[in-house]
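Structure first, then comments.
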Amino acid sequence: MSARLVTVGREYFARDPVELGPLLLGAVLAYQSDEGPVAVRLSEVEAYRGVGEDPGSHAFRGETRRNAVMFGEAAHLYAYFTYGMHTCLNIVAGHPGTSAGVLLRGGTIVEGIELARERRAGASDRDLARGPARLAVAMGVPLSAGGSDLLAPPFSLVVAAEPVPFEHGPRTGISGPGGGAAFPWRFWIPGDPGVSPYRRHARSHA
DNA sequence: TTGTGGATGCTCT
DNA sequence: GAGCATCCACAAA
C-alpha cells in the first residue's frame, strides 16, 4: 500500500498550486525536532493561488509581514497562527512573487508515531494528524519554523514516484466569494484514514 | 451517530 | 476593532 517515494528538486514545486496539490498526495513530510523525528504521509491538501486571483488566500490583498514567505521560493514552509490557538502549515508553490501555496489539511503518521501520540494525548491513531492544526501539533512544528526550507534539515520532503488516485471538491472553512464550489481546489486520497469528513459545508453565517 | 456553537489571540485594516 | 484556511465539548436523535 505504501507508494514508492522519490526525492525531487525545488523546481518540482515551482508550479501552479492547483497542479501541485494532487502531486503532494502520498508525499511524506518529515520534521526532526529536539524530541525526535516525525513523518507524515499527506492525504489531504488544499491549493491557494496568489494575489488578486484567490479571495481565499492570505496573499489575496498583497504581501504582508505574515504572508511574506509565500512570495518567496517554492518548497518553503509557510506557517501561520489562526483562531487564537491553531497553527497551520503550508508548502509554498509557484515561482517567487506568485504567492501560491498548498495547505496541508491532513495525513497519517508514518514515522515517530509514539512521539505524535504523546503530543496528541487522547486522540486515536487515525486522528493524530487528521486536520490542519492537528497535523502541526503531531509533527511538533512550531510557528517559528515558518520560512524554513522544506528540502533541508530539520525538514525533508519526498513525493510519490507515481501519481496517486485522488478526488477534489470545494475548500472548507472559507466564507465569502472565495469559498464553496467556485474554487474546488481541495484534494484528497479517497478512502484514506487521514482524510477528515469534517465540516462538509462551510459554516453559513449571517 | 450527527450537528451546533463557543473558545481563543494573532494579524490586518 | 473585527475577522479568522479550526477544534472540541456537548446536546439531540
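Here, each number is a calculation from the coordinates, and none is a lab measurement. Everything quoted here is computed from the prediction, not taken from an experiment. Cβ coordinates were reconstructed from backbone atoms using ideal geometry, including for glycine residues, and neighbour counts include every protein chain displayed.
Things worth noting here:
- If only the Cβ of Lys and Arg carry +1 and only the Cβ of Asp and Glu carry -1, the dipole of chain A around its Cα centre is close to 620 debye.
- Under-5 Å amide H pairs with A:R171, H placed in peptide plane, nonlocal only: A:G180, A:F183, A:W185, A:R186
- The string of couplings for the range A:69-82 from the Karplus curve (6.51, -1.76, 1.60, θ = phi - 60°) is 4, 5, 8, x, 6, 5, 6, 9, 8, 9, 10, 9, 9, 9 Hz, one whole number per residue in order, with x for Gly and Pro.
- Each pair of Cα atoms in the range A:6-81 enters the Kirkwood radius, and Stokes-Einstein at 20 °C and 1.002 mPa s then converts it into a translational diffusion coefficient of 153 µm²/s.
- GluC sites (Glu not before Pro) lying in DSSP loop within the range A:3-45, provided at most 11 other Cβ fall within 10 Å: A:E35
- Along the range A:109-126 the Karplus relation, 6.51 cos²θ - 1.76 cosθ + 1.60 evaluated at θ = phi - 60°, assigns HN-Hα couplings of 6, 10, 8, x, 5, 5, 5, 5, 5, 4, 6, 10, 3, x, 8, 6, 4, 6 Hz to successive residues, with x for each Gly and Pro.
- Theoretical FRET efficiency, 1/(1+(r/R0)^6), r = Cβ-Cβ of A:D34 and A:L143, R0 25 Å, to 0.05: 0.95
- Across the range A:44-51, computed HN-Hα scalar couplings (Karplus, 6.51 cos²θ - 1.76 cosθ + 1.60, θ = phi - 60°) run 8, 9, 9, 9, 10, 8, x, 3 Hz from first to last residue, x flagging Gly and Pro.
- Excluding exposed DSSP-loop chymotrypsin sites (Phe, Trp or Tyr not before Pro) (at most 15 other C-beta within 10 Å), longest clean stretch of chain A: A:84-197
- Theoretical ellipticity at 222 nm over chain A - DSSP helices of four or more residues, -39500 (n - 2.57) apiece, nearest 500: -3000 deg cm²/dmol
- Cα-based Rg of chain A normalised by 2.2 N^0.38 Å, two decimals: 0.94
- Taking amide H atoms as placed 1.01 Å from N in the peptide plane, the amide H of A:V8 lies under 5 Å from those of A:V159, each 5 or more residues away in sequence or on another chain.
- Sequence-distant residues sharing a close amide H with A:R130 (under 5 Å, placed H): A:G107
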